[in-house]
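One structure is given below, encoded as structure tokens.
None of the figures in this text is laboratory data; all of them are computed from the coordinates on show. Not measured: the values here are computed from a predicted model. Quick reminder, even Gly has a Cβ in these numbers, built from the backbone with ideal geometry, and neighbours come from all protein chains shown.
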Amino acid sequence: MLRIKGRAHDILNALKKLENIEKIKEQGVREPGTVDVLVEAKKGVDIRESLFRLMSASGLPILMMKSMDLSLEEVFLQVTTQEEGGNVK
């Protein structure tokens, strides 16, 4: 989870330039002038440094960066609801 100072449009456009990203999802505004964004990197890839450099170069300061760990229930739901070829794993 990220909290970035700037306009949502500018932030999302900058984030789309990052490599090794699976998902970008806007999470709304928690502080005036900021946007919370969930960014999911490809498994095993650390994007923190490239994310920092990109946001800095774009003039979009990162005010919060927090790793999101799934709860046991969330992991269970992901595993039991993923389908492959019509079969539940």
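Numerical summary
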quantity: Under Karplus coefficients 6.51, -1.76 and 1.60, residue-wise ³J(HN,Hα) of region 9-23 in Hz, glycine/proline x; calculated: 4, 5, 5, 5, 5, 5, 5, 5, 7, 5, 8, 6, 9, 8, 8
quantity: Neighbour-count order for 55, 68, 1, fewest beta carbons within 10 angstrom listed first; calculated: 68, 1, 55
quantity: Region 2-83 - Debye-derived log10 I(q)/I(0), Cα point model, q = 0.12, 0.16 Å⁻¹; calculated: -0.38, -0.64
quantity: 56, 67 arranged by Cβ crowding within 10 Å, fewest neighbours leading; calculated: 67, 56
quantity: Under-5 Å amide H pairs with residue 63, H placed in peptide plane, nonlocal only; calculated: 3, 4, 5
quantity: Residue 64-residue 7 FRET efficiency (beta carbon distance; Förster radius 22 Å; 0.05 resolution); calculated: 0.80
